[in-house]
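As structure tokens, the structure follows; a few thoughts come after it.
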Amino acid sequence: MTDAAKKTTTRETHLSKSYEPVSVEARRYEKWVADGRFKAADDSDRDPYCIVIPPPNVTGQLHLGHALNHTLIDAMVRRERMRGKEALFLPGTDHAGISTQNVVERQLADKEGISRHDLGREAFVERVWEWKATYHDRITSQMKKIGDGVDWDRERFTLDEGLSHAVQTIFKRLHDDGMIYRAERIINWCPRCMTALSDAEVEHSDDAGELVSMRYGEGENSIVVATTRLETMLGDTAVAVHPDDERYAHLVGRTVELPFTGRHIPVVADEHVDPEFGSGAVKVTPAHDPNDFAIGERHGLESILIMDERGVITAHGPFQGLDRFEARSAIASALRADGRIVAEKRPYIHAVGHCDRCDTTVEPRLSKQWFVKIERLAKLAGDAVRNGDTKIYPPEMEKRYFQWVDNLLDWCISRQLWWGHRIPIWYGPDGEQVCVGPGEEAPEGYTQDPDVLDTWFSSALWPFSTLGWPAETAALKKFYPTASLITGQDIIFFWVVRMMMFGTYAMGEVPFKEVYLHGLIRDKEGKKMSKSSGNGIDPLEVVDTYGADALRYMLARDAQPGSDNTASIELAEIARNFCNKLWNGTRFALMSGATVEGDLPESPSLIDRWILSRLSRTVTAVDALLDQYEFAKAMDALYHFAWDDVFDWYLELTKPVLAEGGRPADDTRRVIGHVFDQLLRLLHPVIPFVTEELWLSLTGGEERGESLTVAAWPAAGEADAESERLVEALQHLVVEVRRFRDGQGVKPSQSVAAALTGLSDAGLDGQERLIRTLVRLDEPGEGFAPTAELAVSDQVSVALDTSGTIDVAAERARLEKALKAAQKELDGTTKKLGNEAFLSKAPEAVVEKIRTRKATAEADIARATAQLQRLDG
RNA sequence: GGGUGCUUAGCUCAGCGGUAGAGCGCUGCCCUUACAAGGCAGAUGUCACUGGUUCGAACCCAGUAGCGCCCA
């Protein structure tokens, strides 16, 4: 810290020879926080710009997907802060009901051999809070390490007091609006987590099972049904056929005997049966299948639950006490022994639902749960996007949004867990039921519903509960609706849609004006990264090895809207190399006396005009790209401006000027200072640490309490096309000479005598000395005897005295290659221009362009040919 | 099964109607006092396949094949 202060106060370049992130990052981050750089004010005159964090699981740890997400959010917010907005990146975490409870239960079992029931609800929840405290510190320190510029004073947790109040408030409001109800329905049940799940928490995969066809009943009174879930037959209460299916018309209204149970079940006619599938007859298990439940309701069938919460068969009979999968094979054997199996298809690939937390096969199960009526909310959420109140980036993602939001079923929100927001419904001794709002007391003698709410129920309030809702806080007024939501496209259904529903419902206004859905992180094989498949790259390891800036840069430069990121450790190295290059470029600028003091020169030199023009174009491009969340392209533009234009050309071009000294050198020092000042600003949102460190060295701003975090974002100036054209000509000349030298095996350090002609015709008056220095061409001296002549362009040619024989073969090869390329170009353009249809139908501008290309090709050929002849001569 | 996207240089990806591009990798030369985590120069492609539209197709249309994702 004191070292750094010394560095900047002396304004000298005590920067190390290469960038060492560890020596910079933690120190910088602490200072930013201490100086309140990320704090947003509720009462400022500045326009608001707020993005709320997609809250990570408080007991989880950051993976690369989080790092990508945070990088993009942080970059957007930092840029807006620099643009003078009241910028807020609001942090927090969620309580992740199921997975957190799972983890703590497992730990209790492993370490103490007890279950949550042994502890009891209160003590168990107490334990989870302890667990939460530990892991909360881990995840926040990770966020600090990757440089999240969040307002820590506003950090929220879904289970904290304010947010719990918000949950209770909206529950009560929805309840009183008739939009929350309790009903017996078929829900997704996880027999391992022992709780209901919402549709979104079920993942379907195509699994290999078996399709077994079996016969119910005997003789004329028999019917064949097929199933992949044999065990459910114990709960069958009917067989259904299509009403028009003549094969079974005689059976409708009669009963067949259900094996093992002694029950006689009716054959019913139902239009929803597909007569084409299997035998055309289906078994009906209303308590264990949503379609069968619907059939059951239509025909007044009994619903028989045949297993308990763990998936163990409870139906009386030989299979009682077996797990559902054990029962499946036991039943198969028994049926086979009975001669009832008429066909078996194995493997039979079919979609099977799995719990997205533990991968256990989900059991559809009749159960009494709480639901949110979705229709009105879904319409609000869908219309908000249709109306353009919220804009989705990339736009293709809208389809996926509508596909979900327009086909939503009622949302099952109750969970049979202890960790979460307890449902604020209380039951009276005589079956009364009241919803208790915030600040209200349940009547004496009532007991509260034991279940808790789906975590996403509270996450859905996040964009406004975190700002103080339901209180009409200044923060809420200032920052709602938030500017944007940036999140992975995999949680569009869990989270984005639900925030849209609750936001529009509770606030009457969308929660965010834009949504940017970024891709997932994959490994080099295209697989989704995960800890279980062992292909994960730990972002914190990347930080330790290459620095947070390298991590952020690597992620941002690969973030293309609509496609996933392919991460590999090599990308981190590339990113680190860029940071190092920037470090050294700036170090050189400082050593050259670059300054940000005073006005820019009134009449800058050609190369200064050129770099200022390139800067202007870069600012324009980066702004346009970032406005569209085109991070990869913005980074590409910055990369090329920095590396190609500034480091490879501009700095090299300034060296001779600086060596010359005098006023031109002073002017250029000022321009170098400006260019680096602006470049560092442009890069700061993505690579905040290295840019801050360098910028403070460049400007000496630390002692004045300055920081790049709050420095003004660059404004694009005018482009200067003339300077760009001239410098391009100069670059072309330089490259041609270098090629020649390289082809001739002339060492870079070796000077060659040369005469340059036609520079003023090419508009490069006054650049001769610069060019000579750059490519080591000495003035022709006594006895100058050119051995080769390079016709660089129509105007410029260079005669070189290589003081000896030249490698004719190499030079000929070089020229012949150029000639061949030009000839190909001439052939192509000549053919086009000889095509009547092309001339009459193509736009004039295109025809003109082809004519120019043809002329250029002709000139190139003439020059190359002449040079080849000279070689022979 | 219904949607939706992808297939371009060895790898990762841009380009989406008018000269095929980038980064990395590769080849050669160079420790040129900012940087070898670097510099200079160079090589590299039947733009998946088959038809069609067009003066002109990597780009538009149709079909085929492979891969991916979402939803059931």
- Which three lengths, in whole Å and largest first, does the range A:195-364 cover when its Cα atoms are put on their principal axes? 47, 33, 30
- Message: Suppose R0 equals 22 Å. What FRET efficiency, 1/(1 + (r/R0)^6) with r the Cβ-Cβ distance, do residue A:600 and residue A:732 give to the nearest 0.05?
- Response: 0.20
- Message: Give me the extension gain from residue A:839 to residue A:560: residue separation times 0.36 nm, minus the current Cα-Cα distance, reported in nm with one decimal.
- Response: 96.5 nm
- Residue separation between residue A:853 and residue A:823 times 0.36 nm, minus their alpha-carbon distance, gives in nm 9.6 nm
- For chain A, share of DSSP beta bridges that run antiparallel, in % to the nearest 5: 70
- For the range A:716-873, the dipole about the Cα centre with charges only on Cβ (Lys and Arg +1, Asp and Glu -1), to the nearest 20 debye, works out at 720
- Query: How many nm separate the modelled label positions at residue A:640 and residue A:716, each set 7 Å beyond the Cα in the direction of the Cβ?
  - Reply: 1.5
- Item | Leading residue at positive end of dipole, the range A:280-430 (Cβ point charges), from A:418, A:329, A:397 | A:397
- Rounded to the nearest 20 Debye, what is the dipole magnitude of chain A about its Cα centre when Lys and Arg each give +1 and Asp and Glu each give -1 at the C-beta? 1440
- Item | the range A:541-702 pair-distance distribution - Cα-Cα, 5 Å bins, rounded % | 2, 9, 18, 20, 19, 14, 9, 5, 3, 1, 0
- Using a/c under 1.5 as the rounded threshold, could you call the range A:429-567 rounded, prolate or oblate? The axes a ≥ b ≥ c are square roots of the C-alpha gyration tensor eigenvalues, and prolate needs a/b larger than b/c, oblate otherwise. prolate
- Task: With the Cα gyration tensor of the range A:650-789 in hand, give its eigenvalues times 5 under a square root as the equivalent ellipsoid semi-axes, listed largest first in whole angstrom.
- Result: 38, 16, 15
- Determine which lysines satisfy two conditions relative to residue A:17: a Cα distance under 26 Å, and not lying fewer than 8 residues away in the same chain. A:6, A:7, A:31, A:145, A:581, A:655
- Task: Compute the acute angle (0 to 90°) between the alpha-carbon long axis of helix A:721-743 and the principal axis of greatest extent of the alpha-carbon atoms of chain A; round to the nearest 10°.
- Result: 80
- Note on the structure: Farthest towards the positive end of the dipole of the range A:142-254, among A:180, A:240, A:225 and with Cβ unit charges of +1 on Lys and Arg and -1 on Asp and Glu, lies the Cα of A:180
- Note on the structure: Ordered by fewest other Cβ atoms within 10 Å, a rough proxy for footprinting exposure, A:214, A:500 read A:214, A:500
- Task: Could you tell me which of rounded, prolate or oblate describes the range A:720-797, using a ≥ b ≥ c as the square roots of the eigenvalues of the alpha-carbon gyration tensor, with rounded for a/c under 1.5 and, failing that, prolate when a/b is larger than b/c and oblate otherwise?
- Result: prolate
- Task: Please get the size of the charge dipole for the range A:83-224, origin at its Cα centre, with Cβ charges of +1 on Lys and Arg and -1 on Asp and Glu, quoted in debye to the nearest 20.
- Result: 520
- Write down Rg/Rh for chain A, rounded to two decimals, with Rg from the C-alpha atoms and Rh from the Kirkwood relation over Cα pairs. 1.11
- Per residue and in cubic angstrom, what volume does the convex hull of the Cα atoms of the range A:767-808 have? 89
- Using a ≥ b ≥ c from the Cα gyration tensor of the range A:29-117 (square roots of the eigenvalues), is it rounded, prolate or oblate, where a/c under 1.5 gives rounded and otherwise the larger of a/b and b/c decides, a/b for prolate? prolate
- Message: Only counting other Cβ atoms within 10 Å, I'd like A:606, A:517 sorted with the fewest neighbours first.
- Response: A:606, A:517
- For the range A:293-445, alpha-carbon Rg relative to the globular expectation (2.2 N^0.38 Å, N residues): 1.51
- Query: Using the C-alpha atoms of the range A:75-227, what convex hull volume per residue, in cubic angstrom, is computed?
  - Reply: 278
- For n ≥ 4 DSSP H runs only, could you compute -39500 (n - 2.57) per run for chain A, divide by its residues and tell me the 222 nm figure to the nearest 500? -14000 deg cm²/dmol
- Message: If packing is taken as the average number of other Cβ atoms within 10 Å across a peptide's residues, how do A:415-424, A:15-24, A:306-315 rank, most packed first?
- Response: A:415-424, A:306-315, A:15-24
- Enter the angle in degrees (range 0 to 90, nearest 10) between the Cα long axis of helix A:688-699 and the first principal axis of the Cα atoms of chain A, meaning the one along which they spread out most. 30
- Task: Return a whole-number percent for the relative contact order of the range A:807-873, with Cα pairs under 8 Å and 6 or more residues apart as the contact set.
- Result: 49
- Query: If each residue's Cβ is checked for other Cβ atoms within 10 Å, how do A:466, A:545, A:169 rank with the fewest at the top?
  - Reply: A:545, A:169, A:466
- Task: Could you calculate the FRET efficiency of residue A:769 with residue A:628 from 1/(1 + (r/R0)^6), where r is the beta carbon distance between them and R0 is 35 Å, rounded to 0.05?
- Result: 0.20
- For the pair residue A:22 and residue A:871, what calculated FRET efficiency results from E = 1/(1 + (r/R0)^6), where r is the Cβ-Cβ distance and R0 = 60 Å, to the nearest 0.05? 0.60
- Note on the structure: When all Cα-Cα pair distances of the range A:807-873 are considered, the percent exceeding 15 Å is 56
- Item | Pairwise label distance in nanometres, residue A:308 with residue A:360, each label 7 Å out on the Cα-Cβ vector | 1.3
- Note on the structure: For the pair residue A:208 and residue A:807, the simple spin-label estimate (label points 7 Å beyond Cα toward Cβ) gives in nm 6.1
- Query: Roughly what angle does helix A:161-176 make with the longest principal axis of chain A, taking Cα atoms, 0 to 90 degrees, to the nearest 10?
  - Reply: 50
- Message: Along the charge dipole of chain A, pointing to its positive end and built from +1/-1 on Cβ of Lys, Arg, Asp and Glu, which listed residue (A:686, A:54, A:767) has its Cα farthest out?
- Response: A:767
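Just so you know, all these numbers are worked out from the coordinates, no wet-lab data involved. What you are looking at is a predicted structure, and each value in this text was computed from that prediction instead of being measured. Please note: Cβ atoms are built from the backbone with ideal geometry, for glycine as well, and neighbour counts cover all protein chains shown.
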